Amino acid sequence: GFALEPARDGSDDRFDVRTVDAERFPRMREVAPHVTACDHEAEFKSGMDAILAGLLAELKSVRT
């Protein structure tokens with residue numbers, strides 16, 4: 001399935017950044033709140049819009 005789909009078996013396999021050793025991986029602990037707060041649906045839509053706009057531009061350039 002899609003990488004961001006919920007698990008089919010109902011389990012929750014999300015990564016818990018609080019389990020990361022802050023002394024060994026300080027940067028990971030710093031960026032984690034920004035990464036985990038991502039609106040995946042908005043990011044996906046934005047990416048699809050960019051892909052479709054590029055395909056449309058390519059199609060228009062081929063036709064002219």
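The values are calculated or read from the model by the stated rules, or taken from the named source; none is laboratory data. Nothing here was measured: the structure is a model prediction, and the numbers come from that model. A quick note on method: Cβ atoms are made from the backbone with ideal geometry, for glycine too, and the neighbour counts reach across all protein chains shown.
For the range 38-64, the candidate set comprises residues that are assigned to a helix (DSSP H, G or I) and of a type in the set (Ser, Thr, Tyr); within that set, the residue that is surrounded by the fewest Cβ atoms within 10 Å (Cβ to Cβ) is Ser61.
Residues that are in a helix (DSSP H, G or I), surrounded by 10 or more Cβ atoms within 10 Å (Cβ to Cβ) and modelled with pLDDT under 85 within the range 9-37 comprise Val17, Arg29, Ala32, Val35, Thr36, listed in sequence order.
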